[in-house]
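The block underneath contains the structure these notes are about, expressed in structure tokens.
Each reported figure results from applying straightforward, stated rules to the coordinates on display, with no laboratory input. Bear in mind the structure is a predicted one, so any value in this text is a computation, not a measurement. Don't worry about glycine lacking a Cβ; one is built from the backbone with ideal geometry, like all the others, and counts go over all protein chains shown.
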Amino acid sequence: MTQTLNLGRIVRLSLLSFGALVFLAPYIFMISAAGKAQADIFASSLSLVPQQWYYVENIQKAMSRVDIPTLLWNGVVVCGIILIIQVMVAVPCAYAMAKLQFRGSRFMMALVMLGLLVPIHATALPLYVAFDTLSMLNSYAALVAPFSISVFAIFLFLQFFRALPDDLIHAARLDGMSELGVVARVILPNAWPAVTAFAIFSVVAHWNDLFWPLIVVTNSDYATPPLGLLFFRAAEAGDDYGALMAATLIITLPLVLAFLMAQKRFVEGIAMTGLKG
Amino acid sequence: MFALRNIVKSFGSNAILQSVTVEAEAGEFIALVGPSGCGKSTLLRIAAGLDHCDSGEILLAGKPVTGLSASDRNVAMVFQSYALYPHLTAGQNIAVPLAMRELSTAQRLPIIGRFMGGSAAIRSNIQERVKDMGVSLKIDHLLDRKPGQMSGGQRQRVALARAMVRRPAVFLMDEPLSNLDANLRVHARGEIVDLHRKAGVPTLYVTHDQSEALSMADRVAVMIGGKMLQLDTPQTIYENPTHVEVARFIGQPRINLLESRLNANRLVRFGSVELVAPAAGENDTVTLGFRPEFVRLAAPGAGLSAQVERLEFLGSEIILFARLHGMGETIVVKLAPAEARTLTAGASVNLSVDPAHIMLFDGKTGARLKADVVEAPAHMKATLHG
């Protein structure tokens, strides 16, 4: 703050601000449109500031036409369960692969790398058929199950655990911990930066995911936020973009707030040192 | 009692431990010393249960534990890196081994565990003992700090406290002082010995620093190349090494070792003495050994003549490096500063070796030979028949 503004700094700051503006433009446009009346949106002049403030009306309209609390709840449940299961599976798995010697660990490593290469789109059809056969479409299970094992998480944690000193694990064993105890009491608390980083990736990806919910969910009771918006746009809103943008604003807000809060912890976590003796 | 018997361990075709045996009496402090790569740390890890031996037997408190995992053996270890849990405070670190052993699985659960029957009493008892341990190691003011906020010496104390807070069957220490600065190290030596005496638990202490081993241990085990060469009191190890490698490794400055050959009568002349090797054995190469403090300056014309190569002033003593005439070997002599005052590099000196302290080793196997030392005939003085 006390730095003086010289030319180089001004150039740098303007470039950065311009870049930020480009990335933020759609979001800003959404915020603006959410506060405009129908006539205002279709007016020939393009202005970011609404002529009349229509936020309350648009939000009310959106709330009355879409069951937004259900959408948000579904989003929280689906993302939460996915994240918890992913961490519960990936942490012990990555620990075993990073720190224990067992037969087949190289083969497992190859499988993880292979898993990283296969996108969900390739397996979507067989998975859909499987869920259909089990009559499990339109359920939380169908939304969660395909993502319960994240090879990306295993890979991320594996890299992180390799850097943890072996002596720490030896000390834990000598203090009387079982292998699960080591994972729960020593590995997980020290892996917090990696878990936070992964949580951001995972929650953002699954909160915003439209592809998979669109395949397995046709009932709005289980719709995740993006799918709910799609139903809303297709069936009810028609060309009422003000209400649509207001609904979008509501469903993106939790993620933005969560990220802003987690970001601080995330940076703190990365700055946490002192793992070495 | 604690014992490691005939421990064999190899990685692939690389034999790390070749039938090593160490037995400790109750309350004994044994230092395992050897150059790096001699297998001493591997032996310690096998004792801890962090590694498994190919064959051999491990007894802790008189009970065989060979197949047991580390968490089921009642051992405590101090690591070279200290291995403190970075996410816990010093006090919590010290409490971990107590909590793991004294609270049941249900009582250890977060939040719920606090309401399990009996948990509160055990927890407050643990807190009490952690505090006592902190006071006795003078770290009670640090118990709320995390390892990242402590200095190396403070971390070392916390690691020591974590190992000593319960009564294990054996303490294992893997070079716990090697990350401290020199002053602190000497101070910490005395403290560890005191703590060990108070606790009375057998201790196996691994170090590559021979002065640490000699000064701290009741008995010193010298390991070289995966073999236990000698296990005895520090004094015996120093004065009466049974193997040339032990003699070479122990002692600062190093022992003087001279290669030589026995003549037909199985004797070797050195200075004014003759050493007679035992009759048995066909090998005729031997190694003569004598420590630097048993070499004295002799009158001109007497003893071995040599040329001063270098002098090192160490305050209370002077180390003299002298090249023997005729042999070309350099020997090391430890002198009092008063004796060496007149010496300068390049000067000629005459040296005599105390005959009672010359040792003879087999040139091939390195084993100590029982030699008879006799005064040589006068005309043979000052020669060494090589």
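If we sort B:123-133, B:32-42 on the protection proxy, mean other Cβ atoms within 10 Å, highest first, what's the order? Walk me through the numbers before you get to the answer.
Working: B:123-133: 16.0, B:32-42: 21.5.
Going from most to least packed, we get B:32-42, B:123-133.
Relative to the longest principal Cα axis of chain A, at what angle does helix A:55-65 sit, 0 to 90 degrees, rounded to 10?
70 degrees
What are the DSSP H helices in chain B that stretch 15 Å or more along their long axis, judged by alpha-carbon atoms, and whose average Kyte-Doolittle hydropathy comes to at least 0.5?
The qualifying helices: there are none.
With point charges of +1 on the Cβ of Lys and Arg and -1 on the Cβ of Asp and Glu, referenced to the Cα centre of the range A:66-237, which listed residue (A:136, A:159, A:204) lies farthest in the positive direction of the dipole?
Selected residue: A:159.
Return the FRET efficiency for the residue pair residue B:111, residue A:166: r is the Cβ-Cβ distance, R0 is 25 Å, and the value is rounded to the nearest 0.05. Walk me through the numbers on the way to the answer.
Details: r = 31 Å, r/R0 = 1.24.
Working from the Cβ atoms, E equals 0.20.
If the viscosity is 1.306 mPa s and the temperature 10 °C, what translational diffusion coefficient in µm²/s does Stokes-Einstein give for chain B when Rh comes from Kirkwood over Cα pairs? Mind dumping the intermediate values first?
On the way: Rh = 23.9 Å.
The diffusion coefficient I find is 66 µm²/s.
I need two numbers for the range A:186-233: Rg to one decimal and Dmax as a whole number, Cα atoms only, in Å.
15.1, 48
What residues of the range A:55-97 lie in the reach of a label at residue A:152, counting those whose backbone N is under 18 Å from a point 7 Å from the Cα along Cα→Cβ?
A:76, A:78-91, A:94
Can you tell me which lysines have their Cα less than 29 Å from the Cα of residue B:131? Leave out same-chain residues fewer than eight positions away.
Here the lysines satisfying the reach criterion relative to residue B:131 are A:276, B:146, B:198.
Hull surface divided by four, with the convex hull built on the Cα atoms of chain A: how many nm²?
That works out to 21.4 nm².
Mind checking which aspartates and glutamates have their C-alpha under 17 Å from residue B:40, skipping anything on the same chain fewer than 8 residues away?
A:167, B:23, B:51, B:54, B:57, B:174, B:175, B:209, B:212, B:232, B:245
Under 12 Å between alpha carbons, and skipping anything fewer than 8 positions from residue B:370 in its own chain: which aspartates and glutamates qualify?
Residue B:370 reaches B:362.
What's the whole-number percent of alpha carbon pairs in the range B:18-153 lying beyond 18 angstrom?
Working: 6167 of 9180 pairs.
That tail contains 67 percent of the Cα-Cα pairs.
Find out how many positive minus negative residues lie around residue B:156, taking Lys and Arg as positive, Asp and Glu as negative, among other residues whose Cβ is under 13 Å from that of residue B:156.
Combined, the nearby Lys, Arg, Asp and Glu give +2.
Rounded to whole Å, give me the distance from the Cα center of the range B:293-308 to that of the range B:187-243.
34 Å
May I ask for the angle, rounded to the nearest 10°, between helix A:105-117 and the longest principal axis of chain A, with both axes built from Cα atoms and the value confined to 0 to 90°?
Approximately 10 degrees, to the nearest ten.
Can you give me the long-range amide H partners of residue B:29? Hydrogens built in the peptide plane at 1.01 Å from N, cutoff under 5 Å, separation of 5 or more residues or another chain.
Counting only residues 5 or more places away or on other chains, the set is B:203, B:218, B:219.
For the pair residue A:107 and residue B:55, how long in nm is the line joining their label points, each one 7 Å along Cα→Cβ?
Once both label points are built, they end up 3.1 nm from each other.
What residues have an amide H closer than 5 Å to that of residue B:285, excluding those fewer than 5 places away on the same chain, when H is modeled at 1.01 Å from N in the peptide plane?
Hits under the 5 Å cutoff: B:262, B:363.
Mind scanning A:99/B:227; A:99/B:9; B:9/B:63 and naming the pairs with a C-alpha gap bigger than 25 Å?
A:99/B:227
Contour minus end-to-end for residue B:354 and residue B:339, with contour as 0.36 nm per residue of separation and end-to-end as the Cα-Cα distance? Before the final figure, lay out the partial values.
Details: separation 15, 0.36 × 15 = 5.40 nm, distance 1.66 nm.
Stretched out fully, the residue B:354 to residue B:339 stretch lengthens by 3.7 nm.
Calculated from DSSP H runs of 4 or more alone, at -39500 (n - 2.57) each and per residue, what is the 222 nm mean residue ellipticity of chain B, nearest 500?
About -7500 deg cm²/dmol.
Rounded to the nearest 0.05, what FRET efficiency do residue A:23 and residue A:218 give with R0 = 35 Å and r taken as the Cβ-Cβ distance? Could you check?
Calculated value: 0.55.
Report the convex hull volume per residue for the range B:253-309, counting only C-alpha atoms, in Å³.
So the per-residue Cα hull volume is 110 Å³.
Restricted to Cα positions, what overall size does the range B:253-384 have along the principal axes? Three whole-Å values, descending.
For the range B:253-384, the Cα extents along the three principal axes come out at 46, 31, 23 Å.
How far apart, in nanometres, would the label points at residue A:123 and residue A:57 be if each is projected 7 angstrom from Cα along the Cα-to-Cβ direction?
Here the modelled spin labels are 4.9 nm apart.
Could you give each residue of the range B:14-26 its phi-based ³J(HN,Hα) in whole Hz, using Karplus coefficients 6.51, -1.76, 1.60 with θ = phi - 60°, and x for Gly or Pro?
8, 7, 8, 10, 10, 6, 9, 10, 9, 10, 10, 6, 4
Each label point is 7 Å from the Cα along the Cα-to-Cβ direction; what then is the distance between the points at residue B:145 and residue A:15, in nm?
Each label point lies 7 Å from its Cα, and together they span 4.4 nm.
How much FRET efficiency would the formula 1/(1 + (r/R0)^6) give for residue B:254 and residue B:11, where r is the Cβ-Cβ distance and R0 is 25 Å, rounded to 0.05?
Working: r = 31 Å, r/R0 = 1.23.
Calculated value: 0.25.
Taking beta carbons within 10 Å but only from partner chains, what does the mean come to for residues B:77-85?
6
Treating only the Cα positions of the range B:108-225 as identical point scatterers, give the base-10 log of I(q)/I(0) from the Debye formula at each q in 0.22 Å⁻¹.
Debye output, listed in q order: -1.33.
Per residue, how big is the convex hull of the protein assembly as shown when only Cα atoms are used? Give it in Å³.
269 Å³
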